[in-house]
Amino acid sequence: MFWVDEIRYLGIYIVMSSRLKISLHHAKRSFHRSLNANFVKMGRISSEEVVLHLVHSKCLPVLLYGL
């Protein structure tokens, strides 16, 4: 009956339902992608403070965009 189960509007995925539902799957996937990219570039030589600062400044906005 319907062509798609979800649509993307301004970066937020709206799922087909009788009530308003959003999908966080794409946001979580983007967060993990940016987190893994940072870990690959840092390696094991970075301190914990540097890692936490980079996660807070680079990865967290990707997850929280649109919420």
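For this structure, a couple of remarks:
- The angle separating the long axis of helix 25-42 from the principal Cα axis of greatest extent in the chain is about 20 degrees.
- Taking Lys and Arg as +1 and Asp and Glu as -1, the other residues whose beta-carbon sits under 15 Å from that of LEU54 total +2.
- Evaluated with a Cβ-only charge set (Lys, Arg +1; Asp, Glu -1), the chain carries a dipole of roughly 100 debye about its Cα centre, given to the nearest 20.
- For LYS41, the lysines whose Cα falls under 23 Å of its own Cα, not counting residues fewer than eight places away in the same chain, are LYS28, LYS58.
Values in this text are rule-based calculations from the coordinates and carry no lab data. Since the model is a prediction, treat every value here as computed from it, not as a measurement. Cβ sites come from the backbone with ideal geometry, for glycine too, and all protein chains shown count toward neighbours.
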